[in-house]
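Working notes for the structure below.
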Amino acid sequence: MDFSIVVSEFASLVLDGIVVGAIYALVALGYTLVYGVLRLINFAHSEIFMLGTFACLGVTMLLGYTGFEEPIGIGLFLLTFILITVVAAVASGSAAMLLEVVAYRRLRRKGANRLSSLISAIGASFFLVELFRLLTDSKDWDFPRLLDKNSLFEVSSAYFTADKLVVLIGAFGLMFALDRIIKGTRLGRGIRAVSQDEKTAVLMGVDVDKVIAFTFLLGGVLAGVASAFYMLFYEATKFNVGFLLGISAFTAAVLGGIGNIRGALAGSFALGLIQQFSSAILGYNWRDVVTFLILVLVLLFKPTGLFGEALQRARV
Amino acid sequence: MSDRLLEVRNLTMQFGGVTALSEVNLHVSEGEIAALIGPNGAGKTTVFNVTTGYYTPTSGQVLLNNESIVGLKPHKIARKGLARTFQNVRLFGDMTALENVMTGADSRNKVGLIGSMFGTAQSRRDEENSHLKAAELLNFMGISHRGGQLARNLPYGDQRRLEIARALALEPKVLLLDEPAAGFNPQEKVELGELIKKIRDAGFAVLLIEHDMSLVMKISDRVSVLDFGQKIAEGTPSEIQNNQRVIDAYLGVADHAS
Amino acid sequence: MSTSKISMPKFNLRDKFGDWWEGTTRNQRIIFRVVLIAFFYILPFLDNPVFGTTESDFASVLFYPMGMYVLMAIGLNIVVGKSGILDLGYVAFFAIGAYTHAILGISFGFNFWVNVVLGMAFAMLAGVLLGLPALRLRGDYLAIITLGFGEIVRIVAINVNFTGGAAGLAGIPAPPNFFGVEFLVDDPRPFYWLVLTLSLLTIWAYMRLTKRRPGRAWEAIREDEDVAEFMGIATTKYKLWAFVLGGAIGGGAGAVYASQVTSIVPELFDLNVSIMILACVVFGGMGNIWGVAFGAALLGYFPEKLRFLSDTRILFFGLLMVVMMNIRPDGIIPRKKREKVYDKNTGKEVSR
Amino acid sequence: MLLEVKDLKVSYGKIEAIKGISLKVNKGEIVTLVGANGAGKTTLLKTISGILKPSAGVINFEDKDIQGIAPHNRVLEGLCQAPEGRGIFPGMTVLENLEMGKYSRPDWKNELAEDLERMYTLFPRLKERQNQAGGTLSGGEQQMLSIGRALMSRPRLLLLDEPSMGLAPMFIQQIFKIIREIQSQGVSILLVEQNAAQALSCANRAYILETGNIVKEGAGKDLLNDDAIKKAYLGTGA
């Protein structure tokens, strides 16, 4: 155990915690949005993210990057990265919508047990992981370095590099956009209405099927963009990348109070910070143990998560 | 005092900033049918939820046999002698009618999990008792022919009766009935009234929440009226029927004064 | 809400069998049971093209994954199926049992039979420690806590010394001879018989429990936890019992598994095991022990039978799960309570 | 005729909640359905809104069979319901809740200000609270919001499910006054109530529902003076 590192590297740990938290947040939002409208853990959401990482990789390969070239200039980088992000978002978004139709829709209409839907999603998840394991030969795949990662400026011990700035600006911009979509658009209102009271929503003319499809699309797009940020930051992927990131993002969503958008954001940043600090103090190996212990403690004292709504409280 | 089986003193219940019950006093004495009436949302069911331990009151006391039961878990309170039914029938739908009643009767048994697994003499005795008591209660409620059917397949009226039978299996000192006549036609209501009297005569005190005034007025020994979480009146049925405050708050005979 | 129902012929194995079963006499039932059990014991000798699997030894497949899946699935069924507690960390108990036998067997030379019991005991202890706080939560929150527990056990196993760390432990002793039956590394049959025996014992205990007071309490909790509590059922106690008993089965399974494979590493005990066993339970028919056992056997068997598809078998397997759930959301042999006939005076069940 | 229900039957699994009901609502009328808890009133409204599917019978709205129309599209046809328990979206503001009333209209922003103005005239209280979350309103205010939200869709038939439930006598009076006012603005109303006295006195016509059957129908005022009804629903008389 080494506490001195917390003091000397404090600013750096905070910065990295926020960057990682921002990526978690984009994925956690997908879990929480779907949970809001369906009251269901979308177990295959992590695979939607994984699919996005390979979409990013695919674009760089098509553009002819091999990973051995010098980082490209800022203008070309922005163009390339926007293209990558859009392709990943489209791929993940459409995969998420397809997933809803294949794995959930029929079961939902039948009014099936929630566990049955969970197993269906698990099946879909197995399918996607295996598909990509086979397609990618179970290998680690490196993402070319598109951006110079030398520090631009530093605050205390925190080195602000270009990739971190892109992730932060991009993620916060996206969160702002999501807020506008949820609050300002018709379908966004539909999502809120279905989350809060599905039966009344129908009476007000909300087409629940359409709203659910849109929710999956939104969650998928967010996961797709997250995958682009992830690739920029970590520069590698593998067929099981979704599993590890998915558990963290899902934990973050639960930590904040699943079904609650604000909660997903708070939970993600909290988790990003917790993980950075616990890795620094106890070593990376113990990171997930600390994460889960904190989750257990939070849930024991606040059983609906940090921002959990009292709305769903059981009534007699 | 000693004949007061259940007594609620200065009970206040707040949810967030909303006061659902404020300084409510109620009691149920041995051998009586007490009724609790009031408009929807007046806090009647909250009284049940607090006395049976589902909510912990913000302040006030709940005494069962002169012993405080505030803070006890619902299953402990149930075993001490407070059983209830629910506004919307809540049965264990996938269990047979008899099994539903047996869950109540089981709570009076001693055998634990290990004993059940190895089939000890105690476990066999207990099983037999539970079966016997459940069968008796189904007979008592007039639904013995339904014993083997799944609770969710029973006709509505029998589901209501089954719920009462399940509560009685706990051998409660006081039986709390939450709108037992809801959804009954006048004939069924008359039968239900007789049944509740029969339950009282069998030695169970009854606290009744009910909207059907003809039923309440006919069978109750004492009526309390709740409005906005406050008790606004208490008395015999005829006193209540002529209480102006009650008429204003509840019976709703308003400006047209027919 | 426009539900377009595909009308399927009502194929209900449980109804057909149930009707037949209720018409049998006591002697017929005994004969049926004996024949069925005997069939399962001689199953390893029936390695023919119909039963057998193309590329792996049928007897090994019978032990793992089939036998193991069945044993663990009927254990998990007590938790998920019977009492409605969503447990995503069942693998933790399996790991605890496996490491108990591995550590005590290698380092202290404890006998396998002692270790099975100890493995179950440690798993139960872990169940109490986790269950006491966690079982206050419901639904998805409980699911993520148990999932976390499963991961913690695995990560701890990687990071501490006495488990051999990431390299794991090798040279785990096999069970000693048992009335002339030898447990050899290259003969999976005795291990299969051991798992089969444990499964039968579990089923026996399960049947006893569910027909009596604990079974009613669990069912009541699954149907409506609040009402169960109002009916005087100590819900926390019964939920804990379900959790701990399920854990014990998992622990026992772990010890047996370790003794057969002779070496274990933490990576064997990842989330996928929990998910797989849960899938067995739901796939077979949650809450119906026969469905669960059948489903687990099937889910163990298919990937092996599909070995000719070699690498793509898990792919098809995932697809199969989606399709199956869409066609039969309540599992292959769903839990369906049959109506009963009771004597009106004693309340005793009478056979028709 | 605005709404016509013929021989309607609705079941929950094996339990038949509505056992063959026929009723109608004419243009400009307030029609009330009175009955105890569990008599099938809410079931009937849910079936008219399309949330529940009938096992038999016909529902005609403006002489058109609406069985094939999905529940969420029935709002556009001119049918809107203020549900039992008010169904306020607790996390949305009063304004957002009102706007949800226009959700079904693609052109919802048109005439939005005008519609809001109408609601705020009808319910001045809501204007004061327009930026407050729906979940924090009092019961009476929520009921106003629920009715206002339904009216935002400019329905020709307004379905009201137990609007007086859980309200103080003062509020109940007010709600019924508002119901009459809504009628005077040309909206027909199908009103389900347990508060029989109030409901019958403001209704043009009424049906008495008992365990899934209509046992009596007539003009509201006549039924109000019916001894059997007094006895069953008011506890007075006899």
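The values are calculated or read from the model by the stated rules, or taken from the named source; none is laboratory data. What you see is a predicted model, and the numbers here were worked out from it, not measured in a lab. Here the Cβ is made from the backbone with ideal geometry for all residues, glycine too, and neighbour counts use every protein chain on show. Keep in mind that these areas ignore ligands, DNA and RNA; they rest on the heavy atoms of the full protein, side chains included. Shrake-Rupley method; radii C 1.70, N 1.55, O 1.52, S 1.80 Å.
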Estimated dipole of the protein assembly as shown in Debye, rounded to 20 [Cβ of Lys and Arg +1, of Asp and Glu -1, Cα centre]: 2340 debye
Axial C-alpha extent at least 30 Å, average Kyte-Doolittle at least 0.0 - helices from chain A (DSSP): A:10-38, A:74-99, A:114-136, A:162-184, A:208-234, A:261-282
With all protein chains modelled, accessible area of D:Lys27 [1.4 Å, Å²]: 150 Å²
Top positive-direction residue, dipole computed over the protein assembly as shown with Cβ charges, set D:Ala150, C:Ile289, A:Gly263: C:Ile289
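Kindly identify the protein assembly as shown as rounded, prolate or oblate by the Cα gyration tensor criterion: order the square roots of the eigenvalues as a ≥ b ≥ c, call it rounded if a/c is under 1.5, otherwise compare a/b with b/c, prolate if a/b is larger, else oblate.
Numbers: a/c = 1.89, a/b = 1.27, b/c = 1.48.
Since a/c reaches 1.5 but b/c is at least a/b, the shape of the protein assembly as shown is classed as oblate.
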Area buried, chain B against chain C - accessible surface, total, 1.4 angstrom probe, square angstrom: 4000 Å²
Neighbouring partner chain Cβ atoms per residue of A:130-142, average, 10 Å criterion: 2
Gyration tensor (alpha-carbon) shape descriptor, the range C:219-352, a/c threshold 1.5: prolate
For the range D:198-203, 3J(HN,Hα) per residue [Karplus equation, 6.51 cos²θ - 1.76 cosθ + 1.60, θ = phi - 60°, Hz, x = Gly/Pro]: 5, 4, 5, 6, 9, 8
Whole-number percent relative contact order across chain B, with pairs defined as alpha carbons under 8 Å at least 6 apart: 27 percent
For peptides D:49-57, A:239-247, sequence by mean Cβ density within 10 Å, most packed first: A:239-247, D:49-57
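Compute the Kirkwood hydrodynamic radius of chain C, taking the inverse of the mean of 1/r over all pairs of distinct Cα atoms, and give it in Å to one decimal.
The Cα-based Kirkwood calculation yields 21.4 Å.
Largest first, what is the accessible-area ranking of A:Tyr284, C:Tyr206 with a 1.4 Å probe?
So the residues, ranked largest to smallest area, are A:Tyr284, C:Tyr206.
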Buried area at the A-C interface (accessible, heavy atoms, 1.4 Å probe, summed, Å²): 4200 Å²
Qualifying aspartates and glutamates (Cα of each under 16 Å from Cα of D:Lys221; at least 8 residues distant if same chain): B:Asp255, D:Glu29, D:Glu193
Dipole magnitude of the range B:96-169 about its Cα centre (Cβ charges: Lys, Arg +1; Asp, Glu -1), debye to nearest 20: 100 debye
Projected label distance in nm at A:Lys210 and C:Trp113, using a 7 Å step from Cα toward the beta-carbon: 7.0 nm
Under 18 Å from D:Lys19, Cα to Cα: lysines that are on another chain or at least 8 residues apart: D:Lys6, D:Lys9, D:Lys41, D:Lys46, D:Lys53, D:Lys216
Peptide ranges B:65-71, D:185-191 listed from the most packed, as the mean C-beta count within 10 angstrom indicates: D:185-191, B:65-71
Given charges at beta-carbon only (K, R positive; D, E negative), |dipole| of chain D in Debye: 200 debye
Modelled FRET efficiency - R0 60 Å, C:Thr262 with C:Arg26, Cβ distances, 0.05 increments: 0.85
Debye intensity ratio I(q)/I(0), log10, the range A:4-312, q values 0.12 Å⁻¹ (C-alpha model): -0.80
13 Å beta-carbon shell around D:Glu117, net charge (K/R +1, D/E -1): -1
Farthest positive-ward along chain C dipole, Cα basis, beta-carbon charges - from C:Met325, C:Gly23, C:Phe122: C:Gly23
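Restricting to Cα pairs below 8 Å that are 6+ residues apart, what does the relative contact order work out to for the range C:17-160? Please round to a whole percent.
Worked out over the range C:17-160, it gives 23 percent.
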Cα extents of chain B along the three principal axes, largest first (Å): 67, 41, 35
DSSP H segments from chain C that extend 27 Å or more along their own axis, Cα-based, with Kyte-Doolittle mean of 0.0 or above: C:112-134, C:139-159, C:189-211, C:235-261
Among A:271-279, B:39-47, the order from most to least packed when residues are scored by Cβ within 10 Å on average: B:39-47, A:271-279
Spacing of the two label points (7 Å from each Cα toward its C-beta) at D:Thr136 and B:Leu132, in nm: 6.1 nm
Where the protein assembly as shown is the region considered: accessible area per residue in Å², 1.4 Å probe: 39 Å²
Centre separation in Å (Cα based) which lies between the range C:270-338 and the range D:209-225: 56 Å
Per-residue average of Cβ from other chains inside 10 Å of D:72-80: 3
Cβ-Cβ FRET estimate between C:Asn345 and C:Ile203, R0 fixed at 41 Å, reported to 0.05: 0.80
Spin-label pair C:Phe178/B:Thr58, simplified geometry with 7 Å Cα→Cβ offset, distance in nm: 6.3 nm
For the protein assembly as shown, share of DSSP beta bridges that run antiparallel, in % to the nearest 5: 60 percent
Inter-chain Cβ neighbour average for residues C:206-219, partner chain, 10 Å: 5
Relative contact order of chain D, defined on C-alpha pairs under 8 angstrom at six or more residues apart (%): 27 percent
